[in-house]
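Please read the structure below before turning to the comments.
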Amino acid sequence: MKKTILATAILLAGAANAAEVYNNEGTSVSLGGSFRGHAVVEDSDNINFEDAGSRFDLKASKEIDEGVKAFGQMEVKYKDVNSVDTLYINNAFVGIEHDVYGKLVLGKKLGLNDDLVMNDFSYEAGAYYHEESAAGAGTEDQLEYTKTFGGASIVVGLIDQDTYALGGTYDVAGLSLGVAYTMKNDVQATVGAKKYDNSSVIVGAQYALDALTVGVQYQTVEVSDIDTTAYGLGAHYQLGQAGVYAMYDIVKVGQANNAKDDKGHDIVVGADYEIVKDVKTYVEFTSKDLDSQVKGSNEAVSIGARVYF
């Protein structure tokens, strides 16, 4: 699951309890992350017990002057590639932050777009077509500037001389709004081929009222004149330590050579329970139905747990 506003809040809550392993003369280093595991049941003959993307973060900051600090972060994730255990660096960057002038970050990171899938409260699924490296919208090496004005913020990213990102958010009275746009100019798939200007746009909104949170999102990606779009609605209701959630997305995946678009929908229904602070379990049903798939061929039930630290 990618980060939504709600999911980010959960992660930050865990990060707030991260172990500070060093603090001296304005320099601090902390370690945080999460352990994740699940069982995925597709049918009686296809049950998998897996790690679900465990990771750890190493963060450091240094006070330079009053209201000014330098910082760095690295996230290392685990995944199984062809039955081979693999650790890889998911992001790594350095930056400087000023209380008045904003924050400047340099390094490998995901942009604002990932936080804007605001209808997704799931652990296992979601529509993430906006993360397209061909449009400069994946995890990229970049120079990113963020400035906050009260409840609003603007984000500007420069990936290379032909690729940039623009975005912003606004929060007021339980309502969160956001938009992110990336453009990658003069993309040439093969030598001699036509050049294209690829792009990605995502718009998200989320509203929280007491125990209920509702979110919507729209995203579109254009790569080599092939358009892919998704839009959807989701909701999460908190019941003490337990929560229930659902999500519905309508998707249209563009095809090459003027072939018919692949259309369908994603459905997620789930429930979670926080046993103690930062220890969560969940059960989740997912269904991804596209015209190109055999009916019911992409349905699964996931039972999992996460421990944040």
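The values are calculated or read from the model by the stated rules, or taken from the named source; none is laboratory data. Just so we're clear, the structure is a prediction, and the values are computed from it rather than from any experiment. Cβ sites come from the backbone with ideal geometry, for glycine too, and all protein chains shown count toward neighbours. With ligands, DNA and RNA removed, areas are computed over all heavy atoms of the protein, side chains included. Shrake-Rupley method; radii C 1.70, N 1.55, O 1.52, S 1.80 Å.
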Single match in Lys280, Lys252 (criterion: touching a residue at least 24 places away in the same chain (Cβ under 8 Å), under 23 Å from Ala305 (Cα atoms) and basic (Lys, Arg)) = Lys280
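Kindly indicate the residue of the stretch 31-59 that is of a type in the set (A, V, I, L, M) and under 30 Å from Asp99 (Cβ atoms) and also surrounded by the fewest Cβ atoms within 10 Å (Cβ to Cβ) among those meeting that condition. Reasoning before the result, please.
The first filter runs over the stretch 31-59 and keeps only residues of a type in the set (A, V, I, L, M), leaving 31, 39-41, 47, 52, 58.
Those left that are additionally under 30 Å from Asp99 (Cβ atoms): 31, 58.
Working: Leu31: 14, Leu58: 17.
Ranking the candidates gives Leu31 first.
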Would you check if Gln293 is in contact (Cβ under 8 Å) with a residue 24 or more places away in the chain, in a loop (DSSP other than H, G, I, E, B) and not hydroxyl-bearing (Ser, Thr, Tyr)?
-> yes
Out of (1) closer than 21 Å to Gln255 by Cβ; (2) modelled with pLDDT of 95 or more, the one Leu212 does not meet is (1)
Would you say Gly174 is open to solvent by less than 80 Å² (accessible area, probe 1.4 Å), at positive phi and in contact (Cβ under 8 Å) with a residue 12 or more places away in the chain?
-> yes
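For the stretch 214-227, enumerate the residues that are in contact with a Phe, Trp or Tyr (Cβ under 7 Å, 6 or more places away or on another chain), open to solvent by 20 Å² or more (accessible area, probe 1.4 Å) and not small (Gly, Ala, Ser).
Of all residues in the stretch 214-227, those in contact with a Phe, Trp or Tyr (Cβ under 7 Å, 6 or more places away or on another chain) come to 214, 217-219, 221, 224-225.
From what is left, the residues that are open to solvent by 20 Å² or more (accessible area, probe 1.4 Å) are 214, 218, 224-225.
If the condition is that a residue be in contact with a Phe, Trp or Tyr (Cβ under 7 Å, 6 or more places away or on another chain), open to solvent by 20 Å² or more (accessible area, probe 1.4 Å) and not small (Gly, Ala, Ser), then Val214, Tyr218, Asp225 are the ones that fit.
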Filter the stretch 60-119 down to the residues that are within 28 Å of Thr220 (Cα to Cα) and among the small types (Gly, Ala, Ser), then identify the one that is most open to solvent (accessible area, probe 1.4 Å).
-> Ala92
Within the stretch 229-261, track down each residue that is of a type in the set (Asp, Glu) and either open to solvent by 60 Å² or more (accessible area, probe 1.4 Å) or more than 22 Å from Val216 (Cα to Cα) (or both).
-> Asp261
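Determine, yes or no, whether Glu144 is surrounded by 15 or more Cβ atoms within 10 Å (Cβ to Cβ) and modelled with pLDDT under 95. First the steps, then the outcome.
Values: surrounded by 15 or more Cβ atoms within 10 Å (Cβ to Cβ): yes; modelled with pLDDT under 95: no.
Taking the combined requirement at face value, the residue does not satisfy it.
Residues are listed down the side, and each one gets a yes or a no for (1) touching an Asp or Glu at 6+ places or on another chain (Cβ under 7 Å); (2) within 26 Å of Val155 (Cα to Cα); (3) modelled with pLDDT under 90:
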| residue | (1), (2), (3) |
| --- | --- |
| Leu11 | no, yes, yes |
| Val40 | yes, no, no |
| Lys62 | no, yes, no |
| Ile96 | no, yes, no |
| Lys103 | yes, yes, no |
| Lys108 | yes, yes, no |
